[in-house]
Each structure stands twice: as C-alpha cells, then as structure tokens.
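Dropping a structure here in structure tokens format, bear with me for questions.
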C-alpha cells in the first residue's frame with residue numbers, strides 16, 4: 001500500500017522558491033505591463049484611424065460613382081431623346097401599317113434604350129389604373145363595375161429610369177369608365193318636360209300684289225293767282241285835304 005499523504009508538509013515554503021520576488025524582477029514585470037498597455041492603446045488608435053480612413057474612402061468612391069453617373073447621364077441624354085423619338089415613330093408606323101418589319105425595328109430600339117438605362121413600359125389591357133405610371137388618353141363607357149378604371153388599349157409606351165425607378169414618361173392608354181344604370185324608381189318617375197317657350201308672332205308682310213302696285217304720287221296744291229287791280233283805281237291819286 002502507498003503511504004498516506006501528509007498535507008502539513010506542503011504548508012511551508014517550497015524548496016528553491018523564495019517567498020517574495022526580488023526587486024529587479026518586479027520592476028521588469030511592471031515595465032512589461034506598461035509596454036503591453038501602450039501597445040493596446042496604439043492598436044486601438046490604429047483601428048480607429050483605419051475605420052475613419054475606410055469611411056473616407058467609401059465616401060469618395062460613392063461621390064466618384066455619382067459624378068460618373070451624372071456625367072454619363074448628361075452625355076447620353078441627347079442620344080436617349082433621339083432614340084425615344086425613333087422608337088415612337090417606328091411603333092406608330094408598325095401599328096398603322098401592320099408591318100412586322102417596323103415592329104422588329106422598334107424592338108431593337110427598345111433594347112438599345114434598355115442598355116442606356118431606360119426601360120420601355122407598355123400598358124397591358126385589363127390592368128388597373130396606377131397613379132404615377134398611367135396617363136388617361138381617353139375613356140370608354142361600360143356597364144360592368146369590375147371593368148372600371150382598367151386599360152382598354154394602350155396608346156403610347158412609358159419610359160422608366162432603371163437606376164432611380166422614376167418614370168421619365170407616363171404610359172398613355174384609354175380606360176373603361178363605369179356609368180351608373182338607372183334604378184327602377186328612376187325609371188318609373190316620368191321625366192319632367194319644360195314648358196315650350198312661346199314664339200312671337202311674325203310681323204305682317206305685304207302681299208306681292210300690293211308690293212307691285214306703286215304708291216300714288218303726292219300732287220302739290222295749286223297756288224292761287226293774285227287778284228287783278230282795276231286801272232282806274234290804280235291811276236287815281238289821293239287829293240290833299242283842304243283846310244276849312
């Protein structure tokens with residue numbers, strides 16, 4: 001059997017190990033601890049500066065991309081405008097003539113617009129009206145309420161910027177408009193008619209015979225001739241009066 005272990009023999013100091021470290025070792029440990037603390041502080045500062053530097057690099061990269069995109073947009077804007085006019089003309093001719101050749105040319109122009117960042121958006125018959133996407137080009141009356149505000153036929157394709165999602169041009173189409181049907185009460189109620197406005201009697205017009213007969217002319221009255229004076233009376237001269 002093994003002898004019993006006496007724990008009281010371990011309570012004292014071990015052989016060859018001093019109870020307190022000598023002063024040079026303690027100073028070295030303290031200096032090492034201080035240097036490790038400074039290293040940790042330096043590493044933390046380095047990480048903080050690195051994170052700030054990465055933030056600045058990311059911001060400069062975003063600004064550079066924004067500048068490049070804006071410059072590219074400014075350079076391509078005249079080309080995109082001409083391509084849009086070409087697409088509208090080809091699409092209109094294809095619809096007017098029913099030519100597949102013009103339709104294929106319009107599809108090729110649509111692919112070119114897509115490579116320039118502009119997406120062609122067509123109106124689908126039966127889809128509901130969406131504000132900010134559709135533009136009303138006309139209405140068609142209908143009796144079904146479920147067809148109200150739905151597309152009847154597209155008129156012009158819309159254009160949407162793929163990067164921003166903003167509509168450059170709204171999609172133009174005709175839409176159904178439900179009209180209310182008259183109820184039974186409205187149908188049984190007779191319509192009120194307004195009293196006719198009396199027409200003034202026409203002025204009497206002269207008959208053709210009366211109009212053909214000339215009006216009698218006005219004959220002036222004869223001027224009376226002056227009375228004749230007797231010759232004896234004309235030659236007689238009054239005598240002067242004599243004094244009594």
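Could I have the simple spin-label model distance between residue 43 and residue 148, label points 7 Å from Cα toward Cβ, reported in nm to one decimal?
The modelled label-to-label distance comes out at 7.1 nm.
Can you give the direction-averaged projected area of the convex hull of the alpha-carbon atoms in segment 20-170, in nm²?
Numbers: hull surface 75.2 nm².
Taking the Cα atoms of segment 20-170, their convex hull projects to 18.8 nm² on average.
Would you mind calculating the gained length between residue 23 and residue 92 on full extension (0.36 nm times residue separation, minus the Cα-Cα distance), in nm to one decimal?
Values: separation 69, 0.36 × 69 = 24.84 nm, distance 9.87 nm.
Here the answer is 15.0 nm.
Same structure, new question: When the chain is fully extended, how far beyond the present Cα-Cα distance does residue 161 get from residue 53, taking 0.36 nm per residue of separation? Could the numbers behind the result be given before it?
Numbers: separation 108, 0.36 × 108 = 38.88 nm, distance 3.36 nm.
Between residue 161 and residue 53, full extension yields an extra 35.5 nm.
Give the whole-number value, in cubic angstrom per residue, of the convex hull volume spanned by the C-alpha atoms of segment 118-181. Spell out each step's value before the answer.
Details: hull volume 4.2 nm³, N = 64.
Output value, Cα hull per residue: 66 Å³.
Between residue 108 and residue 124, what is the label-to-label distance in nm when each label sits 7 Å out along the Cα-to-Cβ direction?
The answer from the label model is 2.8 nm.
Every read-out reported here was derived from the displayed coordinates using simple, explicitly stated rules and does not represent laboratory data. These numbers come from a predicted model, not from an experiment. FYI the Cβ positions are ideal-geometry reconstructions off the backbone, even for glycines, and counts take in every protein chain you see.
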